[in-house]
Amino acid sequence: SPVSTAITCFTRGLDLRKETEDVLCPANCPLWQFYVFGDGVYASLSSVCGAAIHRGVITNAGGAVKVQTLPGQENYPAVNANGIQSQMLARWASSFTVTRSKDIALEAVGRSVSTARPSTGKRPKKTLEKKSGNKDCKADIAFLIDGSYNIGQRRFNLQKNFVGKVAVMLGIGTEGPHVGVVQASEYPKIEFYLKNFTAAKDVLFAIKELGFRGGNSNTGKALKYTAQKFFSFENGARKGIPKIIVVFIDGWPSDDIEEAGIVAREFGVNVFIVSVAKPTTEELGMVQDIAFVDKAVCRNNGFFSYQMPTWFGTTKYVKPLAQKLCSHEQMLCSKTCYNSVNIAFLIDGSSSVGDSNFRLMLEFISNVAKAFEISDIGSKIATVQFTYDQRTEFGFTDYITKEKVLSAIQNIRYMSGGTATGDAISFTTRNVFGPMKDGPNKNFLIVLTDGQSYDDVRGPAAAAQKAGITVFSVGVAWAPVDDLKDMASEPRESHTFFTREFTGLEQMVPDVIRGICRDFLESKQ
């Protein structure tokens, strides 16, 4: 009768040597640390004990499990079962199933079964460092590899080799860079996501197992797809970490890549192009757009393009590329209007507004604020209410999450009084924007008022603009259009908004957001 081999919590299917093997899982494995891919049929890089608990073959008390090795398959689904969330995987070279094992006699094995993690004893410091990765290199990277007939099977394997070396050089780890791979061919295919592996050896193994797809090199289609679908929080993208796509092109793309580059920039993704074997003079006639590299990269400044003459002897190119990918201060496309602005709202609290209309103004402010990525390293919001006096409701550094900002807006209490808009602009420039003046974000002031100011608005607004603040004026009801234009930045028409009724504020929200983004992009040109 078969005997069971003792394994650890983290022994994977690919660590077992036999086609059918009886194993014994220990008790009290930490469920949250399991990596399991699939449901019923599991990719062989899944933890065996994790898969057994997921399948309901054993509980966390451990027990005997029969493991049957199977061929690889396409699409291992993500399913939550028995306290374990399995993950999705596009394709893997081998699989296994788990069933109850009848015999629990224990074999004292001479050879140790290799595991994905150290199982007992104190972990040496080096292992801890290795696990957390290179903390100085903060990046979420998609390697968009060429899987077209252009490259062919042999060069495809050399490409995989190179990508593997770059991945290791980066220093992948829980607190370092995370990587995933997408294959471009006739249709793009996400091979694995950022969240799937945080250890270099697992990434290397996953890259090695990738199969060649063939077809046209629709790089534009694949780049657009990756920019739109790959970097979601569910797939492992991290807040505030630069998003990077490294596009490998053997020869030239067979579709338009310019539009994809624009989409990537809109999504805040930094595109690098690694072009290998540039088209020869004879081949240039077949290339849709000779300047395809310049049009796809994040910025056409030389930093984001990388040239290799051939796939042979590429080792010397590994370190310089890895260094570029770790230069987070150079990732110009990570900065978008949504994560790199300070917006202060100057709110008219005069008695002509009234309590219910004041709530509609707060609703307008909340709806604009909602569009932005508010965090300690992202966009920031401040509010000041004014009558003859001014009251800072909250400053830029008081609340650094969107939830807290929105809650603080709803808690603003209506003051009621006169209207001194000019004084309020000066107060906000000095006290709210003053402490932020050397910061990295672009500054915006949105003035909300329903009437004539008792003081001069032109001088204070000009001083605010001189201090680098872009001013939008939003007028309601009796606000004189001339006053609104005097406050607004140039061109005044596109920075001035007016509505007869307070209920009309809601329709202005998209236009104000668009205006902020337009000004932000123009300031970066």
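Brief remarks on what is shown
- Charge dipole of the chain (Cα centre as origin; +1 on each Lys and Arg Cβ, -1 on each Asp and Glu Cβ, all else neutral): 2620 debye, rounded to the nearest 20.
- Between residue 392 and residue 376, the simple label model (points 7 Å from Cα in the Cβ direction) yields a spacing of 2.0 nm.
- Stretch in the chain that is longest and holds no trypsin sites (Lys or Arg not before Pro) that DSSP places in a loop and that have at most 13 other beta carbons within 10 Å: 240-412
- Restricted to Cα atoms, the chain shows a radius of gyration and a Dmax of 28.9, 96 angstrom.
- Partners for residue 221 among aspartates and glutamates (Cα-Cα distance below 20 Å; same-chain residues under 8 apart left out): 146, 186, 191, 250, 255, 256, 258, 259, 266, 289, 294
- Backbone amide hydrogens, once placed in the peptide plane, bring residue 144 within less than 5 Å of 182, 246, 247, 248, excluding anything fewer than 5 places away on its chain.
- Placing a label point 7 Å from the Cα of residue 462 along the Cα-to-Cβ direction, the residues of region 383-422 whose backbone N falls under 16 Å of that point are 422.
- Checking the Cα-Cα distances for 229/370; 319/380; 138/380 against a 32 Å cut-off, the pairs over it are 319/380.
- Given charges at beta-carbon only (K, R positive; D, E negative), |dipole| of region 386-478 in Debye: 260
- Cysteines in the chain lacking a second Cys C-beta under 4.7 Å: none
- Cβ charges +1 (Lys, Arg) and -1 (Asp, Glu), total dipole of region 341-522, debye: 340
- Applied to region 497-509, the Karplus parametrisation 6.51 cos²θ - 1.76 cosθ + 1.60 on θ = phi - 60° returns per-residue 3J(HN,Hα) values of 10, 8, 9, 5, 10, 4, 5, x, 4, 4, 5, 7, 3 Hz, with x for Gly and Pro.
- Listed residue (190, 321, 231) projecting farthest to the positive dipole end of region 140-330, Cβ model: 321
- Sequence-distant residues sharing a close amide H with residue 4 (under 5 Å, placed H): 105, 106, 107
- Charge dipole (the chain, unit charges on Cβ, about Cα centre) - positive-most of 37, 416, 257: 37
- Set of region 415-433 residues, backbone N closer than 18 Å to the point 7 Å along the Cα-Cβ line of residue 452: 417-423
- For the cross-link pairs 135/402; 160/189; 335/466, the ones whose C-alpha atoms lie over 19 Å apart are 135/402; 335/466.
Computed from the coordinates by the stated procedures, all read-outs in this text should not be read as laboratory data. Fair warning: this is a prediction, and the values are worked out from it, not measured in the lab. No Cβ is skipped: glycine too gets one built from the backbone with ideal geometry, and neighbour counts run over all protein chains shown.
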